[in-house]
1. Could you please report the charge total around residue A:8, scoring K, R as +1 and D, E as -1 over all other residues with beta-carbon less than 12 angstrom from its beta-carbon?
2. Based on the alpha-carbon set only, what is the convex hull volume of region A:2-199 divided per residue, in Å³?
3. Using the Cα centre of chain B as the reference point, and only Cβ charges (+1 on K/R, -1 on D/E), how large is the resulting charge dipole? Debye, rounded to the nearest 20.
4. Roughly what would the spin-label model give for residue A:171 and residue B:93, points 7 Å off Cα along C-beta, in nm?
5. Would you kindly calculate the mean projected area, averaged across all directions, of the convex hull enclosing the Cα atoms of the protein assembly as shown, in square nanometres?
6. Hey, what did region A:2-199 get for relative contact order, percent, Cα under 8 Å, at least 6 apart?
7. Normalise the Debye intensity by I(0) for chain B, one equal point scatterer per Cα, no solvent, then take log10 at q = 0.08, 0.09, 0.16 Å⁻¹ and round to two decimals.
8. Kindly provide the helix-only [θ] at 222 nm of the protein assembly as shown, computed as the sum of -39,500 (n - 2.57) over DSSP H runs of four or more divided by all residues, to the nearest 500 deg cm²/dmol?
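Here, each number is a calculation from the coordinates, and none is a lab measurement. No experiment lies behind these values; they were computed from the predicted model shown. Virtual Cβ from ideal backbone geometry, glycine too; neighbours counted across all protein chains shown.
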Amino acid sequence: MSDLWSLFLSAGLAENMPLSLFLGLCTFLALSRRPESALGLGVAMTAVMGVTVPLNQLIYQAVLAPGAWAWAGRPEIDLSYLSLIAFIGVIAAVVQLLEMVLERFFPAIHAAFGVFLPLLTVQCAILAGSLFMVERQFSLAESAVFGLGSGAGFALAVVMLSAVRTRLAYADLPDGLRGLGITFILAGLMSLGFSAFVQVVPVP
Amino acid sequence: MARRPDLLDTLSAPLLRQNPVTLQILGICSALAVTTSLATALTMAVSLTVVLTLAAGVISAIRAHIPETIRLIVQIVIIASLVIVIDQVLQAWFAEISRALSVFVGLITTNCLVLGRTEAYARFHAPLPAMVDAFGNGLGYSLVLIVIGALRELFGKGELMGIEVLPLASSGGWYTPLSLMLLAPSAFFLLGGLVWAIRSWRPEQVEAPEFVPPARTEPAE
């Protein structure tokens with residue numbers, strides 16, 4: 001139990017997706033102008049990652065991993081080179097499914113998400129979650145916790161950045177730094193702060 | 001002959017004027033993650049340029065046959081197949097660099113730059129201009145990667161491509177490596193600085209302010 005908790009913390013804080021691994025930066029920078037949209041993006045990320053990483057873990061273990069077809073008498077089959085396409089397919093399907101469920105049962109939440117939901121299909125952080133799962137050989141429980149932790153870490157970072165950017169809209173910045181430039185430097189400062197978590201959370 | 005200036009323009013525009021990383025905010029994720037050394041940055045730049053050019057060519061060649069409704073899935077499958085090929089090539093011949101790049105080669109699939117260019121340009125143009133545009137964007141991306149990778153390796157380790165350039169204090173020289181350069185925050189700072197430099201040089205890229213303060217009125221007294 002404590003192992004899972006420390007995995008959650010390390011996935012969310014010490015190995016924060018956008019700030020220390022540079023994953024999902026495109027949406028991180030593009031959608032952090034307003035706190036409301038940032039919050040919607042963060043929640044959607046957490047939901048999608050919490051579902052896709054364990055799902056991909058199941059698929060990888062059952063179909064793609066080397067030796068997965070041993071029960072059929074073909075232990076030499078190794079389909080792991082197909083994992084990229086399989087993962088992308090699963091992510092696209094889950095995102096589409098989530099969108100349909102939300103639209104049907106929670107139209108208010110669906111309206112709040114707006115266009116961010118379909119965009120998540122091409123979010124590098126989500127695919128990276130699944131690829132890291134394979135590389136570090138997580139079990140099903142670990143991958144669920146890892147997915148949720150990374151999503152929550154992303155949500156935390158994007159909401160914090162959007163809060164700072166809202167305040168900065170009224171600041172008098174040098175012309176060349178306005179917009180993208182200052183956002184990078186802000187992200188750098190936040191990343192400096194988050195790198196201190198490495199000493200707080202034991203990396204498993 | 002008459003079309004050559006157009007192609008040249010398509011090729012050179014993304015280098016600085018329309019740079020994919022610093023202006024279009026595309027493909028930033030991988031641009032920062034792999035730049036701790038020049039060698040990985042170069043590998044990544046070459047892989048991405050190859051994938052981007054081939055994907056643009058393929059998608060543009062079959063653009064008339066892709067149904068509008070499933071075009072995203074078709075594009076992603078084409079890109080993912082190309083990425084798998086590149087990944088296998090790297091694992092076979094450049095095993096060491098492939099390990100250093102870890103999952104980031106696979107992440108070319110979801111690199112917004114690839115999908116962004118195929119979606120925005122290759123879908124509407126013939127194969128040749130589409131590939132030229134893709135190649136130009138790949139070069140623009142590579143330029144940013146190489147600049148940041150070289151700066152980080154030079155100041156973080158005192159080396160370039162593994163060859164010592166600045167003599168290190170630990171081995172009798174004068175240079176003490178800045179280990180911050182190898183950590184995540186410095187990549188953000190460098191890219192922020194690069195954006196600032198490019199926009200100071202080319203002021204037409206400056207973003208409009210979100211909020212214009214009202215003109216100050218003199219106090220009544």
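1. Values: positive: none; negative: A:3, A:15, A:142.
Local charge sum for residue A:8: -3.
2. Working: hull volume 26.2 nm³, N = 198.
Here the figure is 132 Å³ per residue.
3. Details: 13 positive and 15 negative charges, 95 e Å.
Charge dipole of chain B: 460 debye, to the nearest 20.
4. Label-label distance for residue A:171 and residue B:93, simple model: 4.7 nm.
5. Numbers: hull surface 115.7 nm².
Mean shadow area of the hull around the Cα atoms is 28.9 nm².
6. Working: 246 pairs, mean separation 84.4, N = 198.
It comes to 43 percent, rounded to a whole number.
7. So the normalised log intensities work out to -0.36, -0.45, -1.11.
8. Details: 19 runs with 266 residues, N = 425.
Theoretical 222 nm ellipticity from helices: -20000 deg cm²/dmol.
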